[in-house]
Amino acid sequence: MAILITGGAGYIGSHCLKLMRQQGRHHVIVLDDLSNGHVELLQGYPLVEGSVHDVDFVTQLLRDGGVTAVIHFAAFAYVGESVYEPEKYYQNNVTGTLNLLKAMRRANVNQLIFSSTCATYGSAAQLPIQETSPQNPINPYGATKLSAEWMIRDFERAYGLRSVIFRYFNAAGAHPDGTIGEWHDPETHLIPLALQATLQQANRLESVKPLTILGTDYPTPDGTCIRDYIHVLDIAKAHTMGLEYLLAGGASNAFNIGHGSGYSVKDIITACERITNLPIPILAGQRRPGDPSVLVASAEKLTQTLGWQPEYSSLDEIITTAWQWEKTRLSRS
């Protein structure tokens, strides 16, 4: 079967592509406009360069490719940026998803894997967060993803679309072979920023930039945010399992992807120092708008329904793969 991956040149999309190529079950078509993606992450795999906003183009791509299902990663995903540029996020994440759904309907493609986020839950009252927890996003990024979830459900009721929605927590790590990994410009995620700071130390750069901790006054044990970190390949594996579930006739569903345990910003910095054996200079900064204090998942439903289990069970394993990727990137630059 032919499967379309939108945003396949991005961080999570490229790992899903690589895993699907290794599994060899389906022909994969990658669509990306390269606004945030990197063609290098495709490792030579052919790219269809284009936008999900172009309904006619995507409709023809689905028809010509004989596509059976779509895995939709294409989105903007910076929480802080979404607060300052909400128009950009609603235009891309909401309108872009609507245009994709239009194209799928025109091409009679009615199976979708959707990349959502724990940000749809906002500041959860109870932990760990379950799929039945109230969805009250506190930033535009989470609001746009929740809006897309509502559209997907409406398309199911009206047009028979079937979907699996994945709300994942903090994606982290890289492929263990060091060939692909997290690559954002600008980088805003904690683990790569911490590891890049250690590389500056290791290379004795004259101006080592301290790592800014965005908020030290949260109601947590050490005052910094707590997050549930999940390896990018475990996220990719869940997507491929969700795809096979849909293709086998499974009913629409939504799942969290996480470990069920959280680590604070200071925990992550300590772990990065331990793995790299290098100190990380830090600077206390102000809270980032739109950040909840704690986000920790319950993935029990995903385990029970699809049989998913994380392969990268420890924080050190996750950070070690990210460290290998950062060193590989440095050697290529």
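Cross-link candidates for LYS266: which lysines have Cα within less than 19 Å, leaving aside residues fewer than 8 places away along the same chain?
Output for LYS266: LYS209.
By how many nm would the segment from LYS102 to ARG63 lengthen if fully extended, with 0.36 nm per residue of separation less the alpha-carbon distance?
Working: separation 39, 0.36 × 39 = 14.04 nm, distance 1.32 nm.
Value of the extension gain: 12.7 nm.
Excluding residues on the same chain fewer than 8 positions from LYS237, give the aspartates and glutamates whose Cα lies under 15 Å from its Cα.
In chain and number order, the partners are GLU311.
By how many degrees, between 0 and 90 and to the nearest 10, does the Cα long axis of helix 140-159 differ from the longest principal axis of the chain?
It works out to around 20 degrees.
Please give the per residue accessible area of the chain, computed with a probe of 1.4 Å over protein heavy atoms only, in Å².
42
Can you tell me the relative contact order of the chain? Whole percent, Cα pairs under 8 Å, sequence separation 6 or more. List each step's numbers first, then the result.
On the way: 668 pairs, mean separation 65.7, N = 333.
In percent, rounded to a whole number, it is 20.
Given the -39500 (n - 2.57) contribution per DSSP H run of 4+ residues, what per-residue ellipticity at 222 nm results for the chain, rounded to the nearest 500 deg cm²/dmol?
That calculation yields -12000 deg cm²/dmol at 222 nm.
Indicate the gyration tensor shape class of the stretch 1-64 (rounded, prolate or oblate), computed on the Cα atoms with a ≥ b ≥ c the square roots of the eigenvalues: a/c under 1.5 is rounded; otherwise a/b larger than b/c is prolate and the rest oblate.
Oblate, since a/c reaches 1.5 and b/c is not below a/b.
What angle, in degrees between 0 and 90 and rounded to the nearest 10, separates the Cα long axis of helix 55-65 from the longest principal axis of the Cα atoms of the chain?
The helix 55-65 is inclined about 80 degrees to the chain.
Give the angle, between 0 and 90 degrees and rounded to the nearest 10, that separates the Cα long axis of helix 96-106 from the longest principal axis of the Cα atoms of the chain.
Helix 96-106 and the main axis of the chain meet at about 20 degrees.
Considering only ASN93, ASN136, ASN170, give the residue with the highest GNM mean-square fluctuation for the chain, with springs between Cα atoms whenever their separation is below 10 Å.
ASN136
Give the lysines whose C-alpha is closer than 24 Å to that of LYS88, dropping any in the same chain fewer than 8 places away, or say none.
Output for LYS88: LYS102, LYS145.
The values are calculated or read from the model by the stated rules, or taken from the named source; none is laboratory data. Only a predicted model underlies this, so the values are computations on that prediction, with no experimental measurement involved. Please note that ligands, DNA and RNA were not included when accessible areas were found on the heavy atoms of the full protein model with its side chains. Shrake-Rupley method; radii C 1.70, N 1.55, O 1.52, S 1.80 Å.
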